[in-house]
Each structure stands twice: as C-alpha cells, then as structure tokens.
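Contents: one structure, followed by commentary.
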Amino acid sequence: MNSKERGNAPGLLISFEGGEGSGKGTQVDRLSNYLRQIYGESNVIQTREPGGTEIGEQIRNVLVHGSSEMAPKAELMLFHAARAQSLYEIARPHLKQGHIVLYDRFLDSSIVYQGIARKLGTDFIEHQLTPFIVEDNMPDLTILFDIDAEQGLKNVFGRAQNNGETNRLDKESLAFHQAVNQGYRDIASRNPQRYAVVPYMHNGENATEMKVREIFNNLVERVGYRKP
Ligand code: TYD
C-alpha cells in the first residue's frame, strides 16, 4: 500500500536505488534542491539509508566501515534495524503531514544486496521482513539508476583517487556488483507500476536530472499530489 492508498498519510515517499557508482547520490541532491524551491524547504525531506537518524548513523558506522567478516544475517538485520528507526522518526511523521520524503536507498537495497548478492534469498526478505518493517509505507515511486558494474566500479574508484570514499561493500567482487545490478533490473521489471528506470549516461548528469524531474512530475500528475 503506498501513501495515496493510505489516506491518512497524504505525503509522497520516493526511493532511489542503484548499484555503486551510478551517480544516484548526486541526483537525489539535485531533485531535492529542485523540490525545495517548488514546495518549500519544510515540505521536502531528504534522507539516506542506512542512517539519517542518530541511532541509524551509529548502525551505519558498523555496517559501512565495520569488519568485512560480518555475518550476512547480522548485516541484514542491522540494515532493517536502521530502516525501522528511520520510518519511525522520519518517514511516518512527515508523510502524515503531507511532506515529500526522499530515500537514498530503501527496501530494495536489502532485497538486492543481502537477498541476491549475499545469497540469503529474496523470499523471506521481500515477503516477510519488508512488510514487517515497512508496513504501509511502500514507496509511491522508485527510481533506479541503472549502470553496468564495470562502469560503476570505475566511477567509484576514480572518485576515491580524487579524495572520495569507498566503503565495505564497494570492495566486493565484480560478480557481486553484477548480481546487484541485475537484481535491480529484475525487481524493476516485476514492479513496473512502482519503478522508473533511468539508464546511466556517461557525462550525462544534467540530462539525467531533467529525466528525473519529468518522472517526478508524471507521478504528481498521476496521484494528484498537492503540498499541504
Ligand atoms: P553508501 O556509502 O551510502 O553507498 P551509495 O552511495 O552507493 O548509496 O553505502 C551504503 C552501502 O550499503 C551500499 O554499498 C549499499 C549497502 N546497502 C545494503 O547492502 N543493504 C541495504 O539495505 C542498504 C540500505 C544499503
């Protein structure tokens, strides 16, 4: 159930997904800035997973910078603990007030990274854990920044040389990242009503930004969203 069907939570929840190096973070920032100009600062909330809350940032630290020996099931549960906190503190209160909530990564990251790439299986995560944690806060829209793993890793390690950061998951094998990217494509094709796929364009940040705005505007028209 998404926010329009909920009735008591008239905001919009939009998630952004993609493999490493897809340029997702830049696009979330740009859409967020654009929406703040249109709808007003206080009506647009941008957050990231894992993190965004004090408890979530502590969990993020363990997940992103912790030992590479973490048990896959421990990893799965920590991501969901951070998500539960984020929904409790951020998404639900803001959606109730009719705000637009933008998530840089959300439930599909767990299905793809832990379920598929870590091989924990998608069935339990998708059909039991996700509904338990997310309840009636399914995204109204998920935008997938689709990139090939080779290109994505080139971007990540190019960025790292220019002072960027890499994280524990960036350092996984090429096969791991290929599984992530293919996993996303499969989820998107199984959920065409929720997903919009934006293919990666080299040096195409501005064109991608315009595409993302267009996707957002189509959503607003479709669901009839109005700011509070
Ligand atoms: P981050 O630095 O935010 O990466 P990115 O810029 O690519 O979003 O690190 C988050 C990492 O956590 C990223 O590698 C994906 C991973 N992740 C999961 O494995 N499962 C999840 O449920 C979430 C939310 C993230």
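The values are calculated or read from the model by the stated rules, or taken from the named source; none is laboratory data. None of these values were measured; they are calculated from a predicted model. So basically every Cβ, Gly included, is an ideal-geometry build from the backbone, and we count neighbours across all protein chains shown.
Might you let me know whether region 27-40 holds any residue that is in contact with a His (Cβ under 7 Å, 6 or more places away or on another chain) and at pLDDT 95 or above? No, region 27-40 has no match at all. Checked against (1) touching a His at 6+ places or on another chain (Cβ under 7 Å); (2) of a type outside the set (S, T, N, Q); (3) modelled with pLDDT of 90 or more, V156 passes all but condition (1).
For region 145-178, enumerate the residues that are among the hydrophobic types (A, V, I, L, M, F, W, C), in contact (Cβ under 8 Å) with a residue 40 or more places away in the chain and under 20 Å from L63 (Cα atoms). Within region 145-178, L153, V156, L169, F176 qualify.
Could you check region 187-199 and list, in sequence order, the residues that are surrounded by fewer than 19 Cβ atoms within 10 Å (Cβ to Cβ), touching a residue at least 40 places away in the same chain (Cβ under 8 Å) and not small (G, A, S)? Steps first, answer last, please.
Within region 187-199, the first condition is being surrounded by fewer than 19 Cβ atoms within 10 Å (Cβ to Cβ), and the residues that meet it are 189-194, 196-197, 199.
Those still in the list that are touching a residue at least 40 places away in the same chain (Cβ under 8 Å) too: 191, 194, 196-197, 199.
Passing the criteria: N191, R194, V197, P199.
Within region 34-56, the set of residues being of a type in the set (K, R) and either assigned to a helix (DSSP H, G or I) or in contact (Cβ under 8 Å) with a residue 60 or more places away in the chain (or both) comprises just one member, R36.
Evaluate region 164-176: report whether one residue or more is on the phi > 0 side of the Ramachandran plot, at pLDDT below 95 and not β-branched (V, I, T). No, there is no match, as no residue in region 164-176 is on the phi > 0 side of the Ramachandran plot, at pLDDT below 95 and not β-branched (V, I, T).
Of the helices (runs of 4 or more DSSP H) lying entirely inside region 57-162, those containing at least 2 residues that are away from the ligand (no atom under 13 Å from the Cβ) are 92-96, 130-134, 149-161.
Screening D29 with (1) over 23 Å from A179 (Cα atoms); (2) surrounded by 21 or more Cβ atoms within 10 Å (Cβ to Cβ) gives one miss only, at (2). On the given criteria, is Q37 over 18 Å from E165 (Cβ atoms) and more than 18 Å from the chain's Cα centre (by Cα)? In short, yes.
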